[in-house]
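What follows is a short report on a single structure.
Please treat every number below as a calculation from the coordinates, not as lab data. As the structure is a computational prediction, the values presented were derived from the model and not from experiment. Every residue, glycine among them, receives a Cβ derived from its backbone with ideal geometry; neighbour counts consider all protein chains shown.
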């Protein structure tokens with residue numbers, strides 16, 4: 001972790017996106033193998049049986065990865081909105097116009113964000 005909350009938030013989003021990427025790569029590899037079996041004349045029953053063996057686990061891994069990603073994006077958005085309001089004095093309406101989301105969504109994200117140290121409590125290079 002760095003000493004900059006914003007860089008930490010970006011790192012969490014990047015890490016969760018990498019997990020999604022890995023999970024989807026596994027899907028692509030699995031389906032490519034199924035395609036290869038089909039091209040080599042393998043029976044459909046063999047392909048379906050092979051996919052069924054690990055299919056549920058693969059689907060769960062993708063679902064879990066997307067949930068992790070969505071959670072990290074929501075945390076990022078919430079923390080940034082809180083900083084824009086608390087540290088830069090922007091209104092919810094200003095942020096809504098800037099980001100293209102409703103004021104209500106900005107409010108939900110703001111109120112869902114964990115409290116951070118105020119800008120004045122952080123060294124200047126971290127703001």
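Taking only C-alpha pairs under 8 Å that are 6+ residues apart, what is the relative contact order of the chain in percent?
That works out to 29 percent.
Between residue 46 and residue 24, take the C-beta separation as r, use R0 = 22 Å, and let me know the FRET efficiency to the nearest 0.05. Show your work: numbers first, answer last.
Values: r = 24 Å, r/R0 = 1.10.
The value I calculate is 0.35.
Out of [x] 22.0, 82; [y] 26.3, 95; [z] 21.6, 68, which label holds the value of Rg and Dmax of the Cα atoms in Å that was computed here?
Among [x] 22.0, 82; [y] 26.3, 95; [z] 21.6, 68, the one calculated here is [z].
At a Förster radius of 41 Å, what calculated FRET efficiency corresponds to the Cβ-Cβ distance of residue 97 and residue 63, to the nearest 0.05?
My answer for the efficiency is 0.75.
Once you place label points 7 Å from the Cα toward the Cβ at residue 31 and residue 11, how far apart are they in nm?
3.4 nm
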